[in-house]
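Everything on this sheet refers to the single structure shown next.
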Protein chains: 2
Amino acid sequence: MANMKDVAREAKVSVATVSNYINGKKVRSEAAKNIEVAIKKLNYVRNNAARLLKTDQSPFVVFVVPSVWSPFFSELTFWVQKYLNKLGFKMVLCISENDYEKEKSYVKMAEEQRAAGILSISYSDLTSHVLSDIPLVAIEKETTGQFSLISSDNYAGGQLAAKELINRNLEHLIFVGSTNYESVELNARKAGFEDFCNNHGHKFELEEVKTRYDKKQLLDSVNKIIERIISESKKQNIGIFAHTDETAFLLIKELIKKGIRIPEQVQVIGFDGWNLTPNTKLSLSTIRQPIKEIAETAVKQLNKEIKNPKEAEKARVMLPVSYRAGETTIN
Amino acid sequence: MANMKDVAREAKVSVATVSNYINGKKVRSEAAKNIEVAIKKLNYVRNNAARLLKTDQSPFVVFVVPSVWSPFFSELTFWVQKYLNKLGFKMVLCISENDYEKEKSYVKMAEEQRAAGILSISYSDLTSHVLSDIPLVAIEKETTGQFSLISSDNYAGGQLAAKELINRNLEHLIFVGSTNYESVELNARKAGFEDFCNNHGHKFELEEVKTRYDKKQLLDSVNKIIERIISESKKQNIGIFAHTDETAFLLIKELIKKGIRIPEQVQVIGFDGWNLTPNTKLSLSTIRQPIKEIAETAVKQLNKEIKNPKEAEKARVMLPVSYRAGETTIN
């Protein structure tokens, strides 16, 4: 690729003259003409990587995300990229696949490349690897507490799911999700559900399914639920809250395979609010995370910290979720 | 952020000594010890942006894609990022939203940042904006012909859809998709379907629906299809090939809303092979694009062109598609 020296040689002027011309400073008109011709001939493009390095401003923001191949993460990535672009940043996409070593290497890369900042969703303690004073905003999952955190109100979401199911006069409530410590936000969903049920004197049961989809475990849970449907005299009184849309989706597929009618026999509410594309919604009833608002808030906070690294206060924002009626509940 | 000078000052050695130490050259043991202490104290991280600039090697590959918020593109982005990472590249994600001006600005950015290369899916003529000799590999959509192109065999996919429907003894075949020139690859899907039907003496009808989802147009098409179901004496003889999974998905939702039973009354085959996550498939019968192989082939080709810009031959690869049976056909 042609550089400034090539342009200078071609235009028969000094490199300093080319530099002045490119940076909008005054240059003799004949020199300017020759430089212009040389630029066109050589397809010279200004080297911004070099220019930005001198001014210590990188256009790159590193986005560390467990996956992009999942409707929740792909929608989030879409909005994060859009808001970063609006502010003149470019996104370096780093998919961690929940791999701790990968996360570490991405943080190291961000520091070595002098990236402007990091946005991350990490379920390990990624933030503990940050050695430098590079601005970082965490989405959803908090770790050390020293960085800004933008998340959904997962606890209120769990409460909301319980409320929606109880309002439908469903006697038998089942929580399908992780029942052991797995992640703070999944635990919050479960705790919200449990607390709301307990506070309203409503019994419920727990079916263990981890986030990392385990086919055998899911089939076991489905079979238990089916046994319950058969053994109950009333057949239209089961309500399920699944801790993610992915779990809900797989559960529904299995129930339908076994001949269970949804929502007539079993009503299901998921969590996340998957939209397959901007125009394509799933028919799942769900607790919807405010994905667009999470992206906007996180990007704006990161920008503040990049622009004023010393003065910007760290933010801790918890955004409200909402119930979205689909076809897996009787509405 | 601490730089080499700060480390030298702290360790009371010259900048050259620090540089030697960092680059693995021999340094007096006392100096090495002092430098090590200084690096830890100052949280010094090597500046790769500067280092790479000198060696003229950028780790960044720019990926221009219409969207990431759609199962096809999110799966493709997942694999592209994975294969880029394997070769030591970082992905700069550039979502164009099919906006010509955005595409142009991304190409300019790639050139100004001296990115190692560009991977693009563009439905306009993005490649005509490439001024420099930056390596570029196009996925799916060809434009000027001067760059490498990796795509699915869309024509064979259209033929395969027709074959699958005809094998089911469906008398009434309908193509739902764009019937005017919209894009080369969508036209190829339609042409493959038409040619196969014509060559086998099978009549078919066309229902116009554009890629950019038009609710009214889709409802009109659905209503026409329903009229046909009602007016036909046989009620189990309609087969539909929709030119994308998105169209198929929306069509099925509308048909179910109108009380049409799928696959008993209408069988539907889409095109793309959406997987919502690595573990979550849709129940749609579809022509599956080899997304992983497309990503791998494109990244490997780009790497060849980056490593040997003058000698690497341009590639034109068309990868085979396959039929994936789901629950929207009788199999």
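Among beta bridges from DSSP that stay inside chain B, the antiparallel ones total about 10%. Where only DSSP H runs of four or more residues are counted, the protein assembly as shown gives -14000 deg cm²/dmol as its mean residue ellipticity at 222 nm, each run worth -39500 (n - 2.57). So, how do all the Cα-to-Cα distances of segment A:154-289 break down into 10 Å bins, in percent, from 0 on up? Reading upward from the zero bin: 12, 47, 35, 5, 0. Ignoring aspartates and glutamates fewer than eight residues from A:K224 along the same chain, the ones with Cα atoms less than 16 angstrom from its Cα are A:E205, A:E207, A:E208, A:D214, A:E232, A:E254. Here the Debye sum runs over all C-alpha atoms of segment A:4-46 as equal scatterers in vacuum, and log10 of I(q)/I(0) at q = 0.20, 0.30 Å⁻¹ comes out as -0.47, -1.11.
In terms of other Cβ atoms within 10 Å, B:S152, A:S19 run from fewest to most in the order A:S19, B:S152. A DSSP coil position with no more than 16 other Cβ atoms inside 10 Å describes the following trypsin sites (Lys or Arg not before Pro) in segment B:243-331: B:K258, B:R261, B:K310, B:K314.
Look at the stretch B:29-40: the mean tally of other chain Cβ atoms within 10 Å of its residues' Cβ atoms is 0. Beta-bridge orientation, segment B:154-289: approximately 10 percent antiparallel, per DSSP, counting only bridges with both partners inside.
Among all the lysines, which ones have a C-alpha under 18 Å from B:K26's C-alpha, if same-chain residues fewer than 8 places away are not counted? The qualifying lysines are B:K12. For the listed residue pairs A:K300/B:K33; A:K82/A:K216; B:K41/B:K86; A:K86/B:K314; A:K41/B:K304, the alpha carbons are over 31 angstrom apart in A:K300/B:K33; A:K82/A:K216; B:K41/B:K86; A:K86/B:K314. Take each residue in A:85-93, count the other chain C-beta atoms within 10 Å of its C-beta, and the mean is 4.
Distances from B:K102 to itself in the other copies, using label points 7 Å out along the Cα-Cβ axis, amount to 2.5 nm in increasing order. Charges were assigned to the Cβ only: +1 to each Lys and Arg, -1 to each Asp and Glu. The resulting dipole of segment A:154-289 about its Cα centre is roughly 380 debye. Placing +1 on the Cβ of every Lys and Arg and -1 on the Cβ of every Asp and Glu, with nothing else charged, gives segment B:4-46 a dipole about its Cα centre of roughly 60 debye. By the beta-carbon count within 10 Å of each Cβ, the least crowded to most crowded order of A:L219, A:L126, A:L131, fewest first, is A:L219, A:L131, A:L126. In segment B:266-318, what GluC sites (Glu not before Pro) fall in a loop by DSSP, with at most 15 other Cβ atoms inside 10 Å? Taking segment B:266-318 and a limit of 15 other Cβ atoms within 10 Å, the loop GluC sites (Glu not before Pro) found are B:E311, B:E313. Computed across the protein assembly as shown, the Kirkwood radius stands at 27.7 Å (inverse of mean 1/r, all Cα pairs). Listed from fewest to most Cβ neighbours within 10 Å, the set A:R28, B:R114, A:R46 follows the order A:R28, A:R46, B:R114. What separates the B:K300 label point from its copies, with the point 7 Å along Cα to Cβ, is 4.7 nm, written shortest first.
Using the alpha-carbon positions of segment A:25-157, Rg (one decimal) and Dmax (whole number) come out as 19.8, 70 Å.
Karplus-derived 3J(HN,Hα) values for segment B:255-270, using 6.51 cos²θ - 1.76 cosθ + 1.60 with θ = phi - 60°, are 4, 5, 4, 7, x, 6, 8, 10, x, 4, 9, 10, 9, 10, 10, x Hz; glycine and proline are entered as x. Placing a label point 7 Å from Cα along the Cα-to-Cβ axis, A:S14 is separated from the same position in the other copies by 2.9 nm, shortest listed first.
Only beta bridges with both residues in the protein assembly as shown are counted; by DSSP, about 15 percent of them are antiparallel. Within chain A, all pairs of alpha-carbon atoms sorted by distance into 10 Å bins from zero give the percentages 5, 22, 24, 18, 13, 7, 5, 4, 1, 0. Could you state the number of Å between the C-alpha centres of segment B:243-319 and segment B:1-31? Their Cα centres are 53 Å away from one another.
Rounded to the nearest 20 debye, the dipole magnitude of the protein assembly as shown is 2120 debye, with +1 charges on Lys and Arg beta carbons, -1 on Asp and Glu beta carbons, and the Cα centre as origin. When you filter the GluC sites (Glu not before Pro) in segment B:218-269 for DSSP loop state and at most 10 other Cβ atoms inside 10 Å of their Cβ, you are left with B:E264.
Where a number appears in this text, it was derived from the coordinates with a stated rule and is not lab data. These numbers come from a predicted model, not from an experiment. Because the Cβ atoms are built from the backbone with ideal geometry, glycine has one as well, and the counts that use them run over all protein chains shown.
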